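Colleague: Okay, here's the structure, questions in a sec.
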Amino acid sequence: MAETPIIIQEHQFQRIKSVLARLCVECAARAVFLVDRDGQPIAFHGEIGDMDTTSFSSLAAGNVAATTSMAQLIGEEVFPAVVHEGERESIYISVIGRSLLVVVFDERSTLGLVKIRTKRASHDVAMIIDEVARESEDYRLSQNSFFAEITDDDIDSLFT
Amino acid sequence: MTFINYASREINCKIVYYGPGLCGKTTNLQHIYDSTAPQAKGKLISLATETDRTLFFDFMPLELGTVRGFKTRFHLYTVPGQVYYDASRKLILKGVDGVVFVADSQEERMDANIESLHNLEENLQTQGYDLANIPYVLQLNKRDLPNVIPFEELSSELLKKGEPVFEAVAKDGTGVFDTLKAVAKQVLTELRKG
């Protein structure tokens, strides 16, 4: 395996969901997403409707990857936040270690409010994600029987 | 990096299609997209130039089914092939779980294949990976064209570690799913090894 898999346990996922739900209310956002920097969606809350959350996550990660590289070309290590302001809808992305906290908001909120509220939520998310990263290796080893139980037939059945 | 969510019972993996410009990476994804049932796929996102050359990446999520109660979802990416988009290629390799190298079988593209393969090894190393230790499949594409290098010769030139090799004609789908299946199996087998 290239890297240790990230394993999110049920209780960690629920804590992430509750942080996102609180943030969504506090900054009157349309929706809030937590995305891995490699583009994997982790969790979301709010008015999602028929939005393609998988594509949205991948593009948010690509966006931050590109702006981070641009930052490094001009001597910055990272742009800790990326903002896209539209006529009606806007996006605020906060970089938290290897995760991205993405807030989608409209005229019901303001960029200032989103920035302030996201700062506190970022701290809470960072603590949970650190715990997830720390425990992933231990959890994988202790639960290794689950992965070891995957048979060739299980894998082949995906392609039939 | 494989992402396992016990709450939503999902396994998410990232596969990257690599290769020289115009070798058929996007065509591979397009065929997978066109041949897959709507409920098993998301949108095919193409960040392309006005002339339909990949500018940053193509992306599509593909759900293959469940393993032991976990939904397996593969996130398929392509990189831009042209030499001058190297910064983008490095970014897309971040967190990769498996790589497909799509080679252009035409004689005049041999140098481009070798250069791109070398570039893949370099960029994987930059991201902390080693081609020798990562799920990897070689696809020899455009086998329908008249000026292709014979299979044995092309394989021996491009093989890195005894990886599975598939002949393909991505534009009509030949070899596309065999390639995907081979790399997906390797990724899941790695997961099993722990």
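Colleague: Take chain A, connect every pair of alpha-carbon atoms lying under 10 Å apart with a spring to form a Gaussian network, then pick out the residue of A:129, A:93, A:150 with the largest mean-square fluctuation.
Modeller: Comparing A:129, A:93, A:150 in a Gaussian network model of chain A, the most mobile one is A:150.
Colleague: Kyte-Doolittle cut-off -0.5, length cut-off 18 Å along the helix's own axis using Cα: show which whole DSSP H helices in chain B pass.
Modeller: Qualifying helices: B:176-193.
Colleague: Would you mind ranking B:193, B:94 so that the residue whose beta carbon has the fewest other beta carbons within 10 Å leads the list?
Modeller: Values: B:193 9, B:94 19.
So the ranking, lowest neighbour count to highest, is B:193, B:94.
Colleague: How far is it, in nm, from the label point at residue B:125 to the one at residue B:43 when both lie 7 Å from their Cα along the line to the Cβ?
Modeller: 3.9
Colleague: Among A:57, A:122, A:18, determine the one that fluctuates most according to a GNM of chain A built with springs between C-alpha atoms less than 10 Å apart.
Modeller: Among A:57, A:122, A:18, the largest mean-square fluctuation in the Gaussian network model of chain A belongs to A:18.
Colleague: Near the amide H of residue B:65, under 5 Å away, which other amide H atoms are found, from residues 5 or more places off or on another chain, if H is placed in the peptide plane?
Modeller: B:72
Colleague: Return the FRET efficiency for the residue pair residue A:72, residue A:133: r is the Cβ-Cβ distance, R0 is 41 Å, and the value is rounded to the nearest 0.05.
Modeller: After rounding to 0.05, the efficiency reads 0.95.
Colleague: Which of B:14/B:160; A:17/B:25; B:71/B:142; A:119/B:25 have a Cα-Cα distance over 31 Å?
Modeller: Listed pairs above 31 Å: A:17/B:25; B:71/B:142; A:119/B:25.
Colleague: On to the next question. Please express the shape of chain B as an equivalent ellipsoid: the semi-axes are the square roots of 5 times the eigenvalues of the C-alpha gyration tensor, given largest first in whole angstrom.
Modeller: 25, 18, 17
Colleague: Moving on to the next point. Can you grab the distance from the C-alpha centre of the stretch A:1-24 to the C-alpha centre of the stretch A:78-105, Å, no decimals?
Modeller: Result: 19 Å between the Cα centres.
Colleague: For a footprinting-style exposure proxy, rank B:52, A:130, A:154, A:38 by other Cβ within 10 Å, fewest first.
Modeller: B:52, A:130, A:154, A:38
Colleague: Taking the C-alpha atoms of the protein assembly as shown, how large are the radius of gyration and the largest Cα-Cα span, Dmax, in Å?
Modeller: 20.6, 64
Colleague: Please compute the length gained on full extension between residue B:108 and residue B:52, using 0.36 nm multiplied by the number of residues separating them and subtracting their Cα-Cα distance. Present the calculation step by step, with values, prior to reporting the outcome.
Modeller: Details: separation 56, 0.36 × 56 = 20.16 nm, distance 2.23 nm.
Stretched fully, the residue B:108-residue B:52 segment lengthens by 17.9 nm.
Colleague: Skipping prolines and chain starts, which residues have an amide H placed within reach, meaning under 5 Å, of the one on residue B:14, given they are 5 or more residues away or on another chain?
Modeller: Answer set, sorted by chain and number: B:75, B:97, B:98.
Colleague: Can you work out the FRET efficiency for the pair residue B:145 and residue A:152, with r the C-beta to C-beta distance and R0 = 41 Å, to the nearest 0.05? Show your work: numbers first, answer last.
Modeller: Working: r = 35 Å, r/R0 = 0.87.
Efficiency at R0 = 41 Å is approximately 0.70.
Colleague: Cut-off under 20 Å on the C-alpha distance; same-chain residues fewer than 8 positions from residue B:43 excluded. Which aspartates and glutamates are left, in chain and number order?
Modeller: A:36, A:38, A:47, A:50, A:52, B:10, B:34, B:52, B:58, B:63
Colleague: As a test of the formula, what do you get for the protein assembly as shown when each DSSP H run with n ≥ 4 contributes -39,500 (n - 2.57) and the sum is divided by the residue count, at 222 nm and rounded to the nearest 500 deg cm²/dmol?
Modeller: Numbers: 10 runs with 142 residues, N = 354.
Rounded to the nearest 500, the figure is -13000 deg cm²/dmol.
Colleague: Amide H neighbours of residue B:22 under 5 Å, at least 5 residues apart or on other chains, H built in the peptide plane: list them.
Modeller: B:81
Colleague: Each residue of the stretch A:30-40 in order: what ³J(HN,Hα) in whole Hz does its phi give by Karplus 6.51 cos²θ - 1.76 cosθ + 1.60, θ = phi - 60°, with x for Gly and Pro?
Modeller: Running phi through 6.51 cos²θ - 1.76 cosθ + 1.60 with θ = phi - 60° gives 6, 7, 10, 10, 10, 10, 6, 5, 8, x, 7 Hz.
Rule-based calculations on the coordinates, nothing more; no lab input. Predicted model, so just to flag it, every value in this text is computed and none were measured. Backbone-built Cβ (ideal geometry, glycine too); neighbour counts: all protein chains shown.
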